[in-house]
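Visitor: Sharing a structure with you now.
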Amino acid sequence: MSSRMRPEAKEIRLRLLDGRDRALYLFAFTDKSMMRFVGEPVGDERAEKAFSRACASNLMQNLKARTWVVEVGPSGDAAGLLSISVKGASAEIGGMILPRWQGLGISGAVFPLGIAEAFSFSEIDEMVIRFSSQNGLAAGLMPKIGFLRTAESHPDDGLERWVLRRDEWERWSVTKRSANSRQ
């Protein structure tokens, strides 16, 4: 599949991060262009430790944290990462799409997959996402999948905050399924 062709939604899937994804993970968190809307890139040692923790969390039964590789196309090309971390009844979601896959609608297909996974755990009441106000693509996507902005520039880190409550997700999911069935 050409990297500039818009993949079909059915060709976009999540696979739990594992040991074979080390290079992708390290690149995503140490590269300045990948981190530009998230924060400062981290050093190699910190990224290595985070990768080990992410792989270990993926093996746990409970949903403390999950990290997936975003796969695209029949061959499963890696297009980025999506992760969830849980604190009480709130789960924070975040994603990074590799530059060659950006602008092709992948985030719009993959974020709902991660959100559905988190909300499959009954203890999760809301999803939260944070990103730089300079990330216009993310700001455009969030309301389309049910998120509401709660802060334009949070005093802790200057990042926008968006929240999606379970009942809003359920309404969005029903509306989306209904619209898809009419097509």
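Visitor: Tally the residues that are under 26 Å from residue 108 (Cα atoms) and surrounded by 13 or more Cβ atoms within 10 Å (Cβ to Cβ), restricting the search to segment 16-49.
Guide: Selection size over segment 16-49: 20.
Visitor: Within the set of pairs 6+ apart or on separate chains, which have a first residue in segment 30-42 that is in contact (Cβ under 8 Å) with a residue 24 or more places away in the chain and part of a loop (DSSP other than H, G, I, E, B), a second that is of a type in the set (S, T, N, Q) and surrounded by 15 or more Cβ atoms within 10 Å (Cβ to Cβ), and C-beta atoms under 7 Å apart?
Guide: 37/132; 37/135
Visitor: What is the one condition in (1) farther than 22 Å from residue 18 by Cβ; (2) not in a loop (DSSP other than H, G, I, E, B) that residue 133 does not satisfy?
Guide: Condition (2) is where residue 133 drops out.
Visitor: Continuing with the same structure: Which residues, taken from segment 118-140, are farther than 19 Å from residue 39 by Cβ and open to solvent by 30 Å² or more (accessible area, probe 1.4 Å)?
Guide: Within segment 118-140, 120, 121, 122, 123, 125, 126, 140 meet the criteria.
Visitor: Go over the candidates 86, 69 one by one and state the one that is open to solvent by less than 60 Å² (accessible area, probe 1.4 Å), among the β-branched types (Val, Ile, Thr) and over 23 Å from residue 122 (Cα atoms).
Guide: Residue meeting the stated conditions: 69.
Visitor: For residue 122, indicate whether it is more than 15 Å from the chain's Cα centre (by Cα) and free of Cβ contacts under 8 Å to residues at least 60 places away in the same chain.
Guide: When the stated conditions are applied, residue 122 passes them.
Visitor: Anything in segment 91-111 that is in a strand (DSSP E or B) and either within 21 Å of residue 32 (Cα to Cα) or small (Gly, Ala, Ser) (or both)? List them, or say none.
Guide: Residues satisfying the conditions are 91, 93, 94, 95, 96, 97.
Visitor: Which condition does residue 3 not pass, out of (1) closer than 17 Å to residue 102 by Cβ; (2) crowded, with 17+ Cβ neighbours inside 10 Å; (3) modelled with pLDDT under 95, if it passes all the others?
Guide: Going through (1) closer than 17 Å to residue 102 by Cβ; (2) crowded, with 17+ Cβ neighbours inside 10 Å; (3) modelled with pLDDT under 95 one by one, residue 3 breaks only (2).
Visitor: Please verify whether segment 54-61 includes one or more residues that are of a type in the set (Gly, Ala, Ser), part of a helix (DSSP H, G or I), surrounded by fewer than 16 Cβ atoms within 10 Å (Cβ to Cβ) and free of Cβ contacts under 8 Å to residues at least 40 places away in the same chain.
Guide: Checked segment 54-61: at least one residue is of a type in the set (Gly, Ala, Ser), part of a helix (DSSP H, G or I), surrounded by fewer than 16 Cβ atoms within 10 Å (Cβ to Cβ) and free of Cβ contacts under 8 Å to residues at least 40 places away in the same chain.
Visitor: Residue by residue through segment 39-60, note down the ones that are touching a helix residue (DSSP H, G or I) at 6+ places or on another chain (Cβ under 9 Å) and hydrophobic (A, V, I, L, M, F, W, C).
Guide: Listed by number, the residues that qualify are 42, 47, 50, 51, 54, 55.
Visitor: To continue, here is another question. Exactly one of (1) open to solvent by 30 Å² or more (accessible area, probe 1.4 Å); (2) in contact (Cβ under 8 Å) with a residue 12 or more places away in the chain; (3) farther than 27 Å from residue 171 by Cβ is unmet by residue 96. Its number?
Guide: Condition (1) is where residue 96 drops out.
Visitor: Right, here's the next one. Look at segment 145-174 and say how many of its residues are in contact (Cβ under 8 Å) with a residue 24 or more places away in the chain, buried (at least 16 other Cβ atoms within 10 Å of the Cβ) and not charged (D, E, K, R).
Guide: Selection size over segment 145-174: 9.
Visitor: Determine which single condition residue 74 fails, assuming it passes every other condition in (1) open to solvent by 20 Å² or more (accessible area, probe 1.4 Å); (2) in a helix (DSSP H, G or I).
Guide: The failed condition is (2).
The values are calculated or read from the model by the stated rules, or taken from the named source; none is laboratory data. As the structure is a prediction and not an experimental result, all values here were calculated from the model. Quick reminder, even Gly has a Cβ in these numbers, built from the backbone with ideal geometry, and neighbours come from all protein chains shown. To get the accessible areas, we keep the full protein, side chains included, count just its heavy atoms, and leave off ligands, DNA and RNA. Shrake-Rupley method; radii C 1.70, N 1.55, O 1.52, S 1.80 Å.
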